[in-house]
Amino acid sequence: EAQVTQNPRYLITVTGKKLTVTCSQNMNHEYMSWYRQDPGLGLRQIYYSMNVEVTDKGDVPEGYKVSRKEKRNFPLILESPSPNQTSLYFCASSSSWRETQYFGPGTRLLVL
Amino acid sequence: GESVGLHLPTLSVQEGDNSIINCAYSNSASDYFIWYKQESGKGPQFIIDIRSNMDKRQGQRVTVLLNKTVKHLSLQIAATQPGDSAVYFCAETGSARQLTFGSGTQLTVLP
C-alpha cells in the first residue's frame, strides 16, 4: 500500500531535550516536506526536500533541522525543543514539487 | 509568501444538498491548485486538483472551478453526505517550490 508513515504519532517531551520525528514514504517520491498545523493558522511549511541531499527552508524553519540521506526518509529534528513548538506535525511527499502531495497521519507533539 | 485565503471559516449544509466552498488566492503566478479534506485526527487527504490552463474539473461528486481573472477557486460537493463533514483546505503552488495552504473551512453536514 502506498503510504507516508510517521513516528511517533504522539510525543510528550520537556524543553531542551533533543528529539527526532521520522518520516518514510514507499512511493519513490522525490519531493518531501514537513508542515506544522496550529489552530487558526492552517498548515505551514517547515522544510522541504527536492531530492536526496537537497533541502530548503519553508515558511517557519526556525528551531528545526532536516536531513535527506535516502530518498524514502526525511526526519525532522528538534535540537532544543521549546513550548512554542507544541503542534501537530505532518510529513508529505510527491513525485515532484508541482504534483499533489500525499500526507502522513501526523505527529502530535507537546513540549513542556 | 503569497497568501491563500477562504471566504468563510464554517459552512453548514443539509444532508443531500450541494455544498460550495470558496477560496481566494493572491499569487498571479500560481498555476496548480489542490483541494484537501482533513477529518478529525487525520492528515489532509487529496480530493481534486486543477491546473491553470483549465477552468473546471470534475471528479466523483466533486467539481473544482477556477477563475483566474478574479483569482478565485471553488469546490462544489454534490449531494453532501455526513461523511463529507471535515475541514477543507485549498492549496496552491506556483513559482515557489512549495505548497501554500489556506486556513481551512469547516464543513458540517446536518441530518
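List of remarks:
- Test result for B:PHE89, without any contact (Cβ under 8 Å) to a residue 40 or more places away in the chain, within 11 Å of chain A (Cβ to nearest Cβ) and among the aromatic types (Phe, Trp, Tyr): no
- Whichever residue in region B:31-54 is of a type in the set (Lys, Arg) and open to solvent by 40 Å² or more (accessible area, probe 1.4 Å) and, among such residues, is modelled with the lowest pLDDT: B:LYS42
- Residues of region A:19-49 that turn out to be over 14 Å from the mean Cα position of the chain (by Cα) and of a type outside the set (D, E, K, R), as a count: 8
- Matching residues, region B:19-36, being within 11 Å of chain A (Cβ to nearest Cβ) and not hydroxyl-bearing (Ser, Thr, Tyr): B:ASP31, B:PHE33, B:ILE34, B:TRP35
- Annotation: B:GLN60 fulfils all but one of (1) modelled with pLDDT of 95 or more; (2) more than 14 Å from chain A (Cβ to nearest Cβ); (3) open to solvent by 40 Å² or more (accessible area, probe 1.4 Å); the unmet one is (1).
- Selection from region B:97-111 of residues that are assigned to a loop (DSSP other than H, G, I, E, B) and facing chain A (nearest Cβ under 9 Å): B:ARG97, B:GLN98, B:LEU99, B:GLY102, B:SER103, B:GLY104
- Test for B:GLY83: is it within 14 Å of another protein chain (Cβ to nearest Cβ) and either open to solvent by less than 10 Å² (accessible area, probe 1.4 Å) or of a type outside the set (Ser, Thr, Tyr) (or both): no
- Within region B:66-80, the set of residues being closer than 30 Å to A:SER49 by Cα, in contact with a strand residue (DSSP E or B) (Cβ under 9 Å, 6 or more places away or on another chain) and open to solvent by 20 Å² or more (accessible area, probe 1.4 Å) comprises B:LYS71, B:HIS72.
- For region A:23-45, the count of residues that are farther than 22 Å from B:PHE101 by Cα and among the hydroxyl-bearing types (Ser, Thr, Tyr) is at least one.
- Selection from region A:6-28 of residues that are open to solvent by 70 Å² or more (accessible area, probe 1.4 Å) and farther than 12 Å from A:GLY104 by Cα: A:TYR10, A:ILE12, A:VAL14, A:THR15, A:LYS17, A:LYS18, A:ASN28
- Residue match in region A:12-21 (condition: within 14 Å of chain B (Cβ to nearest Cβ) and assigned to a strand (DSSP E or B)): yes
The values are calculated or read from the model by the stated rules, or taken from the named source; none is laboratory data. Just so we're clear, the structure is a prediction, and the values are computed from it rather than from any experiment. Positions of Cβ are generated from backbone atoms using ideal geometry, with glycine treated the same way; all protein chains shown enter the neighbour counts. For accessibility, only protein heavy atoms count, side chains too; no ligands or nucleic acids. Shrake-Rupley method; radii C 1.70, N 1.55, O 1.52, S 1.80 Å.
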